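The values are calculated or read from the model by the stated rules, or taken from the named source; none is laboratory data. As the structure is a prediction and not an experimental result, all values here were calculated from the model. Cβ placement follows ideal geometry from the backbone for every residue including glycine, while neighbour counts extend to all protein chains displayed.
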Amino acid sequence: MPTISAPQVRASDRIDLHTHSTRSDGRGTPEQVMREAAAAGLNIVALTDHDTTAGWTEATEVCAELGLGFVPGIELTSRATETDPETGRVHRFGVHLLAYLPDPNNPELQAAMAGTLESRISRLQAITERLAEDFDLAWEHVEDIISDGRSAGRPAIADAMIVRGLIGKRDEFFDLVYPGSKYYQPYSGVPDTIDAIKIIRGAGGVPVLAHPMARGKAPEPGQRMPREHFLNLIEAGLAGFEVAHRDVPPHAREWLIGLAQEFNLIVTGSSDYHGTGKDNLLGENLTAPVMLERILAQGFTG
Ligand code: AMP
Ligand code: MN
Ligand code: MN
Ligand code: MN
């Protein structure tokens, strides 16, 4: 891996810290994503593929050529367990953690990513088998999509169904296969969220919670917010929240900004760009330069 040096940050920089490439579930190669980022008028970009650093080298090289600042990142899959303080009910759900500037050779971080990668295939096979009962779909169709060794998730099955003309776009797939639906299978072999935060810190990385309470996970406006859950994450070493993300509702953003002020944490904003697979546009949300400075000050790489 080439040396990755932290970018110089200027007050006028347009910064997007959450993008995906073909190394996970994005539609563009790392090179294409960075070229599109430059064309979109961004100055500093992070590549944050799911559970892999495989795109960093290519992205670093093309950013150097384009004069773009590059921030190496990972979107780490984890699973949280929370007990409702009122009902005592145990609740498990997936949590994505953005890890900025970790040491990619850290053994614990590598083990966490490897465990998730191994479970990905069997999980996608289970989902595909259930879909095959209702749709003209087989595992070999999904295999065609993931044959290049990408860190694949449900979007790989969505793309196989699009290729076969069973659905029109990825969004339709997620209306079918969501946690709790008959086709869904959760991840196994992924780290607990608290452990994942500690692993990222142990690798010198800066853990930022990706799209907190996105897509229906937030309580309704006026309802009690999950403060205990967030305090546990902060105590474990969470550095901040990705507040400005299209899937985080306004009342959740407001609450998160208050929490960040209370605990002097970082807030970011980003696109979560996946190429043509999703509507998210590069630079649709940005991170303030002072916030990136704070991330760089805490990170290992560079
Ligand atoms: P998985 O890893 O199988 O849980 O898939 C998660 C990925 O699917 C996310 O990283 C997004 O890229 C994508 N995704 C999840 N939910 C949706 C949705 N409702 N619409 C579009 N893409 C989604
Ligand atoms: Mn994704
Ligand atoms: Mn995510
Ligand atoms: Mn993402």
Name, by its number, the condition in (1) within 16 Å of ligand 2 (Cβ to nearest atom); (2) farther than 25 Å from L209 by Cβ that does not hold for D51.
(2)
Condition met for G28 (farther than 14 Å from T287 by Cβ, over 15 Å from the mean Cα position of the chain (by Cα), within 16 Å of ligand 1 (Cβ to nearest atom) and of a type outside the set (A, V, I, L, M))
yes
Check off (1) over 23 Å from G153 (Cα atoms); (2) modelled with pLDDT under 95 for C63 and give me the number that stays unchecked.
(2)
Those residues of the stretch 83-106 which are surrounded by 11 or more Cβ atoms within 10 Å (Cβ to Cβ) and within 30 Å of P7 (Cα to Cα), in sequence order:
V95, H96, L97, L98, A99, Y100, L101, P102, D103, P104, N106
Of the numbered conditions (1) under 25 Å from Q223 (Cα atoms); (2) more than 16 Å from ligand 2 (Cβ to nearest atom), V248 satisfies every one except a single condition; which is it?
(2)
Condition first: in a helix (DSSP H, G or I) and either crowded, with 18+ Cβ neighbours inside 10 Å or among the hydroxyl-bearing types (S, T, Y) (or both). Now tell me which residues in the stretch 24-35 satisfy that.
P30, E31, V33, M34
Among the residues listed as D247, D159, D195, the single one being touching a residue at least 24 places away in the same chain (Cβ under 8 Å), part of a helix (DSSP H, G or I) and within 29 Å of A40 (Cα to Cα):
D159
Among (1) within 23 Å of R215 (Cβ to Cβ); (2) part of a loop (DSSP other than H, G, I, E, B) - the single one T128 does not satisfy:
(2)
Could you check the stretch 191-245 and list, in sequence order, the residues that are within 14 Å of the chain's Cα centre (by Cα), within 16 Å of ligand 1 (Cβ to nearest atom), farther than 14 Å from F263 by Cβ and among the aliphatic types (A, V, I, L, M)?
A196, A210, M213, A214
Would you confirm whether any residue within the stretch 107-120 is at pLDDT below 95, of a type in the set (K, R) and either surrounded by 14 or more Cβ atoms within 10 Å (Cβ to Cβ) or in a helix (DSSP H, G or I) (or both)?
yes
Residue hits (the stretch 144-174; at pLDDT 95 or above and either more than 16 Å from ligand 1 (Cβ to nearest atom) or among the aliphatic types (A, V, I, L, M) (or both)) are A156, I157, A158, A160, M161, I162, V163, R164, G165, L166, I167
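Residue-by-condition table, conditions (1) buried (at least 22 other Cβ atoms within 10 Å of the Cβ); (2) in contact (Cβ under 8 Å) with a residue 12 or more places away in the chain; (3) assigned to a loop (DSSP other than H, G, I, E, B); (4) on the phi > 0 side of the Ramachandran plot:
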{"site": "R201", "(1), (2), (3), (4)": "no, yes, no, no"}
{"site": "V208", "(1), (2), (3), (4)": "yes, yes, no, no"}
{"site": "G258", "(1), (2), (3), (4)": "no, no, no, no"}
{"site": "G283", "(1), (2), (3), (4)": "no, yes, yes, yes"}
Considering residues that are surrounded by 24 or more Cβ atoms within 10 Å (Cβ to Cβ), polar (S, T, N, Q) and in a loop (DSSP other than H, G, I, E, B), the number found within the stretch 1-23 is 1
